[in-house]
Each structure stands twice: as structure tokens, then as C-alpha cells.
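All remarks here apply to the structure that follows.
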Amino acid sequence: MPDNAPTIAEQVVTLQEGMAAQAPAEILGAFGAEQTGLATAGVPAGVATAGALMPDGDLLDARGQATTLARARDGRPAVVVFYRGAWCPYCNLALRTYQQQLLPALSERDVALIAVSPQKPDGSLTMQEPNELTYTVLSDPGNQIATGLGILTAPSEDAGKAQAALGLNVAAGNADATNFLPMPTVVLVDRAGVITWIDVHPDYSTRTEIADILDAVATTIG
């Protein structure tokens, strides 16, 4: 990672400045109130911890082919990133940054990078192709893994109305036609499929930074 590479937090500031100049104040206010509420509530009780077996499920790759997380890992340790969907600007920013700044370092260590969301496979493809992601992007219909990890959430009523005002229908994009979403989360999994580190972000405008992931990889996976 270049020493002068911007952090995700720094990029988010720029993103939010652009949003403030374009989106109506009442819509931004609804999202801001939701983010504040999520941050105040904090990480839910019962979230999976290091030492637990990583949950799995019947997943789909970006072409709609059946797979699992274990199959995608193919015996390798992995950094598994849970994101909300291709419609989420914070997700696009984070996953692009992981492509540019994280993937090269993980590849040197033979650690897989896998992104998972509840959206339909065409949403995974929408995330993968425009952002030029070369790592695996999977669809988790019904949030099977997010439920197992204890990181499931849903938009607040006001945020849902704001999304609708922007023409966004989360349920229509999700594979199970619900509006449930994973909290943005990064999970490190070792070769045996055991969680070695987990970082949950209830406030979806924040994300796990590259340096923190690499530190965790070095200390928990080697």
C-alpha cells in the first residue's frame, strides 16, 4: 500500500461533501440520523467472535452459479468483506479501495479476498465490473452468513423513505426480496474455516481500514 494512499475515512469525507452539494437536505438528514442511531446502538449482542467456525450457506457467484464460501476460499485463508449492495456509495468506495490497496498485499500471502452481499447475482456483477474488481464477489440469498454472524440489520423507516425518494428499492435488488442488510463487516478466516478476527461497523458510512486488516492478517493468520 503506498504511503500516501488516502484512507477510506478520508475518501468518505470527500464523498459526503459531494453528496451535500447534490442531494436534498431532508434526504441527507434522514440518512445522517440513521447513521447516528446505528453508531449509538453499537455492535449487536451475540455477534460471532474469534474462535468460532465461519458460517456458510448456499451462495451464488456473479454469474449466478451455485457455490459456497468454503468453495470460494479453496482451502486458503480469506478476508471476507460483507457489504450492502452495488447501490451503496460507501460500499463502492470501500470495495474499490480494497482492490487497489489491499488485494496486492493479500495475494502475496496467498490470502483470498471475497466480498459478500444479499443482492442478486446481477447486482454482484454490477459491483464487480464497473469497479474493476478482480477478486470474488458473491451473492448470499437470504443473508445466511450475515444471520449466522449476527450482523443483520435493515434500513430505518425514515431512511427507507429517503431511499424510495431516490428511486432505490433495496428489497427489489436483494435475492430474497427483503430489505435486510449486513452491517459492513470484515472477517478473517483461517485455512480451517475458523474466524480469527472480526470488525463490525454498525454505522455503514465507516469501514474497516486497510492497515487494520493487514495488521490482523499478520497477527492472526501469519
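Of note:
Yes/no matrix, rows are residues, columns are (1) surrounded by 14 or more Cβ atoms within 10 Å (Cβ to Cβ); (2) free of Cβ contacts under 8 Å to residues at least 24 places away in the same chain; (3) over 26 Å from D176 (Cβ atoms):
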residue: T7; (1), (2), (3): yes, no, yes
residue: G46; (1), (2), (3): no, no, no
residue: D58; (1), (2), (3): no, no, no
residue: A66; (1), (2), (3): no, yes, no
residue: N92; (1), (2), (3): yes, no, no
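- In the set (1) modelled with pLDDT under 95; (2) surrounded by 14 or more Cβ atoms within 10 Å (Cβ to Cβ); (3) among the acidic types (D, E), E26 fails one condition alone, (2).
- When the residues of segment 94-110 are filtered to those that are under 16 Å from the mean Cα position of the chain (by Cα) and of a type in the set (A, V, I, L, M), the one that is surrounded by the fewest Cβ atoms within 10 Å (Cβ to Cβ) is L103.
- Filtering segment 176-192 to residues that are surrounded by fewer than 20 Cβ atoms within 10 Å (Cβ to Cβ), under 24 Å from P121 (Cα atoms) and touching a strand residue (DSSP E or B) at 6+ places or on another chain (Cβ under 9 Å) leaves only F180.
- Verdict on L38 being touching a strand residue (DSSP E or B) at 6+ places or on another chain (Cβ under 9 Å), within 14 Å of Y204 (Cα to Cα) and not aromatic (F, W, Y): yes
- Condition met for A86 (in a loop (DSSP other than H, G, I, E, B), surrounded by 18 or more Cβ atoms within 10 Å (Cβ to Cβ), under 15 Å from the mean Cα position of the chain (by Cα) and of a type in the set (G, A, S)): yes
- Against the numbered list (1) under 19 Å from the mean Cα position of the chain (by Cα); (2) over 30 Å from T134 (Cα atoms); (3) polar (S, T, N, Q), Q22 comes up short only at (1).
- Within segment 43-67, the set of residues being touching a Gly at 6+ places or on another chain (Cβ under 7 Å) and in a loop (DSSP other than H, G, I, E, B) comprises P44, G46, V47, A48, M54, P55.
The values are calculated or read from the model by the stated rules, or taken from the named source; none is laboratory data. All values derive from a computational prediction rather than experimental measurement. All Cβ positions, glycine included, derive from the backbone under ideal geometry; neighbour counts span all protein chains shown.
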